[in-house]
Amino acid sequence: MITGASSGIGAATARAAAGAGARVALLARRRDRIDALAQELGSVGGEALAVRCDVTDQAQVHAALQQVVSTFGRIDVVVNNAGQGLQATVEQVDLADARAVFELNVLAPLAVMQAAAPLLRATGGGSIVNISSGTTLAAAPGTGSYAASKAALEKLSAIARAELAPDAITVSCVLPFATATEFMTSIRAGREAAEEMTAGAQFDPPERVAEAVLDIVRSGAEQVDLVPRAYGGSA
């Protein structure tokens with residue numbers, strides 16, 4: 001089950017998972033996008049379910065997971081990919097923007113984990129993969145609120161990993177580097193500044209992140225980053 005599956009990393013992960021033989025549940029707000037992706041996966045022999053869901057709405061999250069279980073009988077892997085960027089200095093950031101980004105980047109994954117944990121436990125365990133960001137490894141001006149939301153997600157993931165380990169539920173984080181997705185066009189605020197900051201950067205294809213997601217599901221590792229050493233990562 002993948003949130004934010006309508007484009008970018010989410011859609012690439014859906015294709016990779018389907019290619020590996022998984023049945024895939026696609027969650028996103030843009031119903032037309034996930035319907036088209038489900039049809040695409042079905043046309044090449046995959047099995048996919050499109051579920052419109054705003055992950056900031058807890059009731060929709062619970063209903064979506066129940067629909068997935070009703071269709072497929074179980075959930076084995078949850079990928080919390082839905083998120084949004086924000087570029088603004090600490091002094092100038094609009095608090096309403098910061099709250100909205102924390103709602104989507106921290107509280108929404110928390111709501112999904114709360115809804116998913118009992119379902120995973122009931123079938124003997126599984127994996128939760130939370131998509132963080134390489135910005136947590138640096139102190140780049142203008143990224144404070146966004147990086148803080150992703151750092152919070154990483155700490156939440158680490159504690160959930162410890163809490164859920166007795167139930168054979170593995171919680172992991174993937175930290176992508178700059179990735180060629182719709183991230184810039186959907187940024188909450190500060191698009192021009194974000195584009196200036198990343199000018200000249202070599203963007204990874206979303207398929208690289210998708211493969212990292214599948215790899216961490218297989219390995220059960222706590223965290224992997226795709227960030228070059230020059231930017232504070234290990235890649």
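Could you tell me which residue of segment 182-193 is least open to solvent (accessible area, probe 1.4 Å), considering only residues that are of a type in the set (D, E, K, R) and assigned to a helix (DSSP H, G or I)?
Looking at the filtered set, the residue picked out is R191.
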- request: Could you check, for segment 138-145, whether at least one of its residues is touching a Pro at 6+ places or on another chain (Cβ under 8 Å) and either farther than 27 Å from R30 by Cβ or not small (G, A, S) (or both)?
  value: no
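One line per residue, one yes/no per condition, for (1) at pLDDT below 95; (2) over 25 Å from F177 (Cβ atoms); (3) open to solvent by less than 20 Å² (accessible area, probe 1.4 Å):
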| site | (1), (2), (3) |
| --- | --- |
| A14 | no, no, yes |
| G19 | no, no, no |
| R33 | no, no, no |
| V55 | no, no, yes |
| H62 | no, yes, no |
| Q67 | no, yes, no |
| A88 | no, no, no |
field: Close pairs from segment 199-223: first free of Cβ contacts under 8 Å to residues at least 60 places away in the same chain and more than 18 Å from R161 (Cβ to Cβ), partner in a helix (DSSP H, G or I) and open to solvent by less than 70 Å² (accessible area, probe 1.4 Å), Cβ under 9 Å, at least 6 apart
entry: R208/A12
query: Considering only segment 144-178, how many residues are open to solvent by less than 20 Å² (accessible area, probe 1.4 Å) and at pLDDT below 95?
result: 0
- prompt: Hey, any hits in segment 61-73 for a residue that's within 23 Å of S172 (Cα to Cα), in contact with a strand residue (DSSP E or B) (Cβ under 8 Å, 6 or more places away or on another chain) and in a loop (DSSP other than H, G, I, E, B)?
  reply: no
query: Would you call E196 part of a helix (DSSP H, G or I), of a type outside the set (S, T, Y), surrounded by fewer than 21 Cβ atoms within 10 Å (Cβ to Cβ) and at pLDDT below 95?
result: yes
field: Count of segment 205-235 residues which are in a loop (DSSP other than H, G, I, E, B) and either open to solvent by 50 Å² or more (accessible area, probe 1.4 Å) or more than 18 Å from G8 (Cβ to Cβ) (or both)
entry: 9
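The values are calculated or read from the model by the stated rules, or taken from the named source; none is laboratory data. Please read all numbers here as calculations on a predicted model, not as lab measurements. Please note: Cβ atoms are built from the backbone with ideal geometry, for glycine as well, and neighbour counts cover all protein chains shown. Heads up: the accessible areas ignore ligands, DNA and RNA and are worked out on the full protein's heavy atoms, side chains in. Shrake-Rupley method; radii C 1.70, N 1.55, O 1.52, S 1.80 Å.
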